[in-house]
Amino acid sequence: MKLLNEQIIQQVRDIFDAQMKQPVEVLFFGSQDHCDTCEDTRQLAEEVIALSDKLHLSVYDLDEHADIARKYGVDKTPATIIAARDGEAITDYSIRLLGIPAGHEFTTLIQDIILVSSRDSGLGQPTREFLKTLEQPLHLQVFVTPTCPYCPRAVVLAHQMALESPLVTAEMVEATEFPDLADKFGVSGVPQTTINDGAGTLVGAAPEDYLVAEIVKALENDAVVAA
């Protein structure tokens with residue numbers, strides 16, 4: 001039984017036909033153990049991949065393909081990576097989705113594919129200039145739930161930053177699938193963007209300049225701790 005109905009299939013196909021520019025590689029990591037949504041997440045990826053000849057899917061098992069999982073820094077499932085594909089070469093922009101991109105987060109999956117296909121972050125020039133000044137890795141974890149209509153905007157902004165800078169890793173984290181992570185960072189409302197493992201936190205779908213300001217504060221906090 002398909003997860004996507006015919007209306008959604010046609011809408012997504014039309015979007016891909018109009019907006020896909022360069023090929024995209026989707027890497028799915030699943031697990032046989034303790035992963036209730038792995039099967040549905042894989043099926044969802046397969047159904048989406050079938051809608052454009054510019055899309056390619058690679059499927060991995062966390063245990064069977066441990067070396068590949070380590071290469072991409074994957075230690076949780078289900079995990080979906082949206083990367084660029086140029087011939088046989090894969091370029092990883094550190095754009096991650098942890099958990100099934102269902103509900104409103106299906107929009108995020110489609111936007112991420114279009115984003116990576118464009119090879120352009122679409123960020124404003126001030127944000128691009130700020131990201132050029134980064135001297136240390138920046139880790140953004142955006143906690144979401146499928147019923148949150150504002151979450152996709154926060155996730156895609158983080159993913160835009162990952163596309164723009166090789167020092168940025170950005171993850172969508174489905175809070176109900178990863179409650180330990182949500183508890184660790186005190187998630188009580190979504191979207192919540194956690195910066196560098198708790199050095200900073202932003203709740204809500206904020207504009208670019210707000211997120212940049214919180215990142216600056218978090219990096220300053222990291223510097224103080226390091227000193």
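Laid out as a table, the results:
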quantity	calculated
Verdict on LEU109 being outside the structural domain of ASP180 (by TED's automatic domain parsing) and under 22 Å from ALA182 (Cα atoms)	yes
Meets criteria (within 12 Å of the chain's Cα centre (by Cα) and either in the same structural domain as VAL216 (by TED's automatic domain parsing) or at pLDDT below 95 (or both)) for LEU131	no
Filtered residues of region 44-58 (kept if farther than 13 Å from LEU109 by Cβ and outside any loop (DSSP other than H, G, I, E, B))	HIS56, SER58
Residue ID - surrounded by the fewest Cβ atoms within 10 Å (Cβ to Cβ), chosen from residues in region 171-202 that are aliphatic (A, V, I, L, M) and under 14 Å from ALA158 (Cβ atoms)	LEU202
Set VAL144, VAL173, VAL168, VAL156: member being closer than 23 Å to TYR210 by Cβ, in contact (Cβ under 8 Å) with a residue 24 or more places away in the chain and either charged (D, E, K, R) or touching a Gly at 6+ places or on another chain (Cβ under 7 Å) (or both)	VAL173
Top-ranked residue of region 117-154 - restricted to ones that are hydrophobic (A, V, I, L, M, F, W, C) and touching a Leu at 6+ places or on another chain (Cβ under 7 Å), ranked as nearest to ASP53 (Cα to Cα)	LEU138
Subset of region 3-16 [in contact (Cβ under 8 Å) with a residue 24 or more places away in the chain and surrounded by fewer than 11 Cβ atoms within 10 Å (Cβ to Cβ)]	none
Count of residues meeting criterion [touching a residue at least 24 places away in the same chain (Cβ under 8 Å), over 19 Å from ILE95 (Cα atoms) and of a type in the set (A, V, I, L, M, F, W, C)] in region 17-67	2
Criterion: of a type in the set (A, V, I, L, M), modelled with pLDDT under 95 and over 22 Å from PRO101 (Cβ atoms) - qualifying residue of ALA223, ALA213	ALA223
Condition check for VAL12: closer than 16 Å to LEU115 by Cβ, touching a helix residue (DSSP H, G or I) at 6+ places or on another chain (Cβ under 7 Å) and assigned to a helix (DSSP H, G or I)	yes
Residue list for region 165-212, restricted to those being closer than 22 Å to GLN125 by Cβ and of a type in the set (Ser, Thr, Tyr)	SER165, THR193, TYR210
Test for VAL142: is it of a type outside the set (Asp, Glu), more than 18 Å from ALA45 (Cα to Cα) and not in a helix (DSSP H, G or I)	yes
Test: residue in region 198-211 that is more than 15 Å from the chain's Cα centre (by Cα), assigned to a strand (DSSP E or B) and of a type in the set (Gly, Ala, Ser)	yes
When residues of region 179-227 are limited to those that are without any contact (Cβ under 8 Å) to a residue 40 or more places away in the chain and among the acidic types (Asp, Glu), the one farthest from HIS34 (Cα to Cα)	GLU220
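Per-residue answers, yes or no, for (1) touching a helix residue (DSSP H, G or I) at 6+ places or on another chain (Cβ under 7 Å); (2) part of a loop (DSSP other than H, G, I, E, B):
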| site | (1), (2) |
| --- | --- |
| TYR93 | yes, yes |
| ALA102 | no, yes |
| THR127 | yes, no |
| ALA170 | yes, no |
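The values are calculated or read from the model by the stated rules, or taken from the named source; none is laboratory data. Computed from a predicted structure; not experimentally measured. FYI the Cβ positions are ideal-geometry reconstructions off the backbone, even for glycines, and counts take in every protein chain you see.
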